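The structure under discussion appears below in the form of structure tokens.
Computed from the coordinates by the stated procedures, all read-outs in this text should not be read as laboratory data. Remember, predicted model here, so these are calculated numbers, not experimental data. With ideal geometry, Cβ positions are generated from the backbone for all residues, glycine too; neighbour counts draw on all protein chains shown.
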Amino acid sequence: MVQGTIIKGIAGFYYVESDQIIYECKARGKFRKANMTPLIGDRVMISLKQEENSTDRFLEGTIEEILPRTNSLIRPPVSNVDQAMVVFSVTYPQIHLDLLDRFLIHIEREHIKPYIVLNKIDEDNSESYQYIVDRYIKVGYEVICLSAREKLNTDILMPKLKDKTTVFAGPSGVGKSTLLNTIEESFTLETGEVSEKIKRGKHTTRHVELMPLTGGGFVLDTPGFTSLQLDGIEAEDLKHYFIEFKEYEGTCKFSGCTHTHEPDCNVKAALEAGEISKERYNSYMTYYKQLKDTRRW
Ligand SMILES: Nc1nc2c(ncn2[C@@H]2O[C@H](COP(=O)(O)OP(=O)(O)OP(=O)(O)O)[C@@H](O)[C@H]2O)c(=O)[nH]1
Ligand SMILES: [Mg+2]
Ligand SMILES: [Zn+2]
């Protein structure tokens with residue numbers, strides 16, 4: 001058996017890299033039965049099929065075992081990442097802050113370090129996105145405004161990517177693949193126009209792919225997504241994924257305060273004092289209620 005990493009999956013085949021060799025693999029049926037889907041980024045053990053003729057483009061193998069993951073996401077479907085570049089565009093497609101908040105919840109839950117990337121600043125001279133920058137910096141996130149096309153501020157990303165595994169995620173058409181092509185000259189990822197009519201991306205990237213960087217580290221390009229569920233999260237745990245609540249945790253009158261309806265809540269006091277953003281707190285309340293209601297059903 002050989003140990004390798006899944007770098008790509010297409011039509012039921014997984015491409016597993018080990019020592020610079022890529023094996024085309026099928027997964028054993030036992031994974032499907034256990035409801036366990038191999039993810040890009042998984043470290044796996046594969047058994048090799050007898051090589052029939054050496055002119056084959058890929059050597060063949062079978063995934064026998066998925067080694068323990070440090071973390072995983074469902075959307076995009078990746079595992080074992082250190083950090084995430086959550087990419088949005090400041091023009092079109094329009095930024096979707098509800099999606100950003102939902103995505104941050106999943107990332108925090110999996111202990112992945114997030115960066116918020118606002119792309120296409122070349123198209124917005126009025127800097128109308130500044131309120132987003134202010135809001136999320138106040139939360140404690142790093143927000144990077146750049147233009148992949150004009151190569152503005154893209155060099156800020158390079159040192160952050162070095163020796164790390166970074167997933168680029170966000171809606172279709174925000175410029176994830178364009179940005180990756182800028183970061184690494186040898187990349188030739190396909191990019192697509194934003195639709196004139198509906199101002200949305202055209203889902204150009206179809207597969208997740210893990211790629212090495214010349215300077216060290218790996219990046220994952222992923223297909224854009226437009227919605228994100230919070231299923232599987234307990235309403236009571238939600239507060240842990242709003243990182244601006246952390247400094248108040250344990251200081252409220254009631255231990256186990258959910259910061260929703262309890263008296264003498266320090267998160268609500270911070271909200272009144274303007275230390276916590278109203279919009280973020282509203283997101284929290286909305287999701288909290290949704291999760292409570294789902295459970296009731
Ligand atoms: N003006 C401007 N356009 C950009 C910038 N970056 C990307 N674009 C354009 O945005 C469109 C979408 O870019 P992609 O890189 O294909 O977007 P994506 O996020 O990979 O989209 P999917 O693969 O569909 O998820 C293309 O027409 C790019 O040329 C930028 O910094 N400024
Ligand atoms: Mg793409
Ligand atoms: Zn509280």
Over the chain, how many percent of alpha carbon pairs lie in each 5 Å bin up to the one with the longest distance? 1, 5, 11, 14, 15, 15, 13, 10, 8, 5, 2, 1, 0, 0, 0
Among the listed pairs Lys8/Lys197; Lys246/Lys268; Lys49/Lys164; Lys138/Lys246; Lys138/Lys160, those beyond 23 Å (Cα-Cα): Lys8/Lys197; Lys49/Lys164
Considering the dipole of the chain built from charges on the beta carbon (Lys and Arg +1, Asp and Glu -1) around the Cα centre, which of Thr5, Leu291, Leu99 is farthest to its positive end? Leu291
With θ set to phi - 60°, apply the Karplus curve 6.51 cos²θ - 1.76 cosθ + 1.60 along the stretch 266-281 and write out the HN-Hα couplings as whole Hz, x wherever there is a Gly or Pro. 6, 5, 5, 5, 5, 5, 4, 7, x, 7, 10, 5, 4, 5, 5, 5
Which residue, Gly256, Thr226, Leu213, has the largest displacement toward the positive end of the dipole of the stretch 191-297 when charges sit on each Cβ (Lys, Arg +1; Asp, Glu -1)? Thr226
Would you mind counting up the charge near Val267? Only other residues with Cβ under 12 Å from its Cβ, with Lys and Arg at +1 and Asp and Glu at -1. -2
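What is the gain in length, in nm to one decimal, between Lys292 and Ser72 on full extension, counting 0.36 nm per residue of separation less the C-alpha to C-alpha distance?
Working: separation 220, 0.36 × 220 = 79.20 nm, distance 2.42 nm.
Fully extending the segment from Lys292 to Ser72 adds 76.8 nm.
Let me spell out the model: positive unit charges on the Cβ of Lys and Arg, negative unit charges on the Cβ of Asp and Glu, origin at the Cα centre of the chain. What dipole size does that give, in debye rounded to 20? If you can, show how the numbers build up before the last one.
On the way: 38 positive and 44 negative charges, 177 e Å.
About 840 debye.
Counting DSSP beta bridges in the chain, what percent are antiparallel, to the nearest 5?
Numbers: 27 of 51 bridges.
Percentage antiparallel, nearest 5: 55.
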Give the distance, in whole Å, between the Cα centre of the stretch 28-43 and the Cα centre of the stretch 210-283. 29 Å
Expected vector for the stretch 178-191, Karplus 3J(HN,Hα) from phi with 6.51, -1.76, 1.60 and θ = phi - 60°, integer Hz, x for Gly and Pro, equals 4, 4, 5, 4, 6, 5, 10, 4, 6, 6, 10, 6, 6, 10
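Below 12 angstrom from the Cβ of Lys202, what's the summed charge of the other residues (Lys, Arg +1; Asp, Glu -1)?
Values: positive: Lys197, Lys199, Arg200, Arg206; negative: Glu190, Glu193, Glu196.
Once all neighbours under 12 Å are counted, the net charge is +1.
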Per the rule of 0.36 nm per residue minus the C-alpha distance, extending Phe225 to Asp155 adds in nm 22.6 nm
